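The values are calculated or read from the model by the stated rules, or taken from the named source; none is laboratory data. The shown structure was predicted, so the numbers you read here are calculated from the model rather than taken from an experiment. Neighbour counts run over all protein chains shown; Cβ positions are idealised from the backbone, glycine included.
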Amino acid sequence: MKKFNFFLLLGIITIAYFLRVWEFPVNYMFSGELGKEMLYIRQFALSGSLPVIGMPTSHEWLSYGPIYYWIMIPVFNLMKGSPYMLFWVSLITSLLGLAINYLVVRKITDEATSLISTFLQAVSPILIWQTALSKLHTFFFILSPLFMYSLFALWSRKKVWVFWSGVIFGVMFSFHFSQIPLLAVVALLFLTRNYKFSDWVKFGAGSLIPNLTFIWQDKLFAAWVPYRIFTYVGKNLAETKDLIIEFFGRNFFWSRNLWIWGFAVFACILIHYVWKNWRQFTKDFMVFYIISSVIIITFANILHAAPPVHYFLPIFTTVPIFLAVYLRQFRFWFLPVLAVLIINFGGYFTFEKPDDFVPIAKQISIVDAIIKDSGGKPFSIKRVGPYDYFPESYSQNYQYLAIWRGGVLDKSGESSYTINDYTNTYSKEK
């Protein structure tokens, strides 16, 4: 790497850092879901054990794989259980993902495309937003470019990568199931490059190894894929359309009023790219990967119906790479990028918060008041607010903070407190 390009990359990562830590921890979105994560991690950290399976997903009968929690337990001990640890891990993985993206894209294409794609990821509204949410999904920012590189190696007939590409895919699987449709991309590549049946077996074996404990413990996963297909009938197609527009629109703009325009621009670019390059589909890896991954993941989410935006995780980093490849063909590529940055400028510092957002400082002040009122005696916590239909009324963030601040939490405790997130107040029930 030339010295100038090194400093340019360092500058890009610095910009990415600044945009992701702006007014942190004031804007830290410590929600019931993150509180649930912390409670799950805490129980294993205190017992000095490792889970064989991850935390349950929104489908209580389906759990994540354990690898994320194997990483987070030592971090929990290192940071003494600080609730802020989820954000800092999310930030580190996001920044590492930028460096890995640069190295991978430079290897597959060229220096300029790698720098452009890394910059687009650094300023991407959707990637900044996902980092701020501080969920395990951000590990895809590291794993996705690594998986793309492994497929590039397979495209180049480096058969030693057959098993290891399976391992990377299996690790991704442990963090989230949204990359399952990428198996179709792998199958297309194997067919295009004339891989043997034994290679399919090696890839499958590699995928299984990181998930052996998960598969053994959570046998119900086998029912999940047909469950999602058969529940397609009756889904809200309008919601599916809106969520697809949100994903592609968020790649360009912070404002929801502009998402439809971002989606339209992306659709036009993709159609033009496919029209210009379809003859290279079986000859050029980047053409193959961009077209197959974007179309297959999008189609799979349409089939899933009403997909949460994070179900597009496998192409979160692919979209900026695709835009960089496309823009690289134009001499004045920086002009549209500059225009988008100007439109987004205010959004980088005032982006919209989720419905259940309560500043963590406010959460801590409420919990401290409850602990003081309880007089050191055991108490329980309930919550009224957005998503309080989830288990335990989505109060796990307050539960964790109460434990972290020294409170004695017990569901059968002498006192019960109900926190109202709409008014940022609490009331004593008994």
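A few remarks follow.
- None of PHE141, PHE203 is buried (at least 23 other Cβ atoms within 10 Å of the Cβ), in contact with a Gly (Cβ under 7 Å, 6 or more places away or on another chain) and under 18 Å from LYS107 (Cβ atoms) except PHE141.
- Residue selected from segment 36-81 under the condition among the small types (Gly, Ala, Ser) and assigned to a helix (DSSP H, G or I), by the criterion farthest from GLN396 (Cα to Cα): SER47
- Residues in segment 251-260 that are surrounded by 15 or more Cβ atoms within 10 Å (Cβ to Cβ) and touching a residue at least 40 places away in the same chain (Cβ under 8 Å): ASN251, PHE252, PHE253, TRP254, SER255, LEU258.
- Scope segment 383-417; condition surrounded by 17 or more Cβ atoms within 10 Å (Cβ to Cβ) and hydroxyl-bearing (Ser, Thr, Tyr); matching residues: SER393, TYR394, SER395, TYR398, TYR400, SER415, TYR417
- Number of the exception - ARG328 against (1) touching a helix residue (DSSP H, G or I) at 6+ places or on another chain (Cβ under 7 Å); (2) assigned by TED's automatic domain parsing to the domain that holds LYS411: (2)
- Leading residue by the ranking (modelled with the lowest pLDDT) among those in segment 130-188 that are small (Gly, Ala, Ser) and touching a Lys or Arg at 6+ places or on another chain (Cβ under 8 Å): ALA132
- Counting the residues of segment 231-281 that are hydroxyl-bearing (Ser, Thr, Tyr) and closer than 22 Å to PHE351 by Cα gives 1.
- Looking across segment 344-356, the residues that are buried (at least 16 other Cβ atoms within 10 Å of the Cβ) and closer than 13 Å to TYR28 by Cα come down to PHE351, ASP356.
- The strands (runs of 3 or more DSSP E) found wholly in segment 364-430 and carrying at least 1 residues that are outside the structural domain of ILE41 (by TED's automatic domain parsing) and within 30 Å of the chain's Cα centre (by Cα) occupy 379-384, 415-420.
Yes/no per residue for (1) polar (S, T, N, Q); (2) under 23 Å from LYS80 (Cα atoms):
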residue	(1), (2)
GLY346	no, no
ILE360	no, yes
ASP368	no, yes
SER374	yes, no
PRO378	no, yes
TYR398	no, yes
LEU401	no, yes
GLY407	no, yes
SER415	yes, no
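- Scanning segment 312-325 for residues that are within 19 Å of the chain's Cα centre (by Cα) and crowded, with 22+ Cβ neighbours inside 10 Å turns up PHE312, LEU313, PRO314, ILE315, PHE316, THR317, VAL319, PRO320, ILE321, PHE322.
- Considering segment 86-97, and only residues there that are touching a residue at least 24 places away in the same chain (Cβ under 8 Å) and surrounded by fewer than 24 Cβ atoms within 10 Å (Cβ to Cβ), the residue that is farthest from SER31 (Cα to Cα) turns out to be LEU96.
- Criterion: among the aromatic types (Phe, Trp, Tyr), touching a residue at least 60 places away in the same chain (Cβ under 8 Å), under 30 Å from TYR28 (Cβ atoms) and assigned by TED's automatic domain parsing to the domain that holds ILE116 - qualifying residue of PHE248, PHE288, PHE263: PHE248
- Residue within segment 262-279 that is more than 25 Å from PHE147 (Cβ to Cβ), surrounded by 14 or more Cβ atoms within 10 Å (Cβ to Cβ), modelled with pLDDT of 95 or more and touching a helix residue (DSSP H, G or I) at 6+ places or on another chain (Cβ under 8 Å) present: yes
- Checked against (1) out of contact with any helix residue (DSSP H, G or I) (no Cβ under 7 Å at 6 or more places or on another chain); (2) surrounded by 13 or more Cβ atoms within 10 Å (Cβ to Cβ); (3) not assigned by TED's automatic domain parsing to the domain that holds MET55; (4) not aliphatic (A, V, I, L, M), PRO336 passes all but a single condition, namely (3).
- Any pair with Cβ under 9 angstrom, 6 or more apart, that starts in segment 41-52 at a residue that is more than 18 Å from MET79 (Cβ to Cβ) and assigned by TED's automatic domain parsing to the domain that holds ILE403 and ends at one that is among the charged types (D, E, K, R) and surrounded by 12 or more Cβ atoms within 10 Å (Cβ to Cβ): none
- Every residue from segment 352-379 that is basic (Lys, Arg) and under 15 Å from ASP410 (Cα atoms): LYS377
- Residues of segment 267-313 satisfying the condition of being aromatic (Phe, Trp, Tyr) and in a helix (DSSP H, G or I): TYR273, TRP275, TRP278, PHE285, PHE288, TYR289, PHE299, TYR311, PHE312
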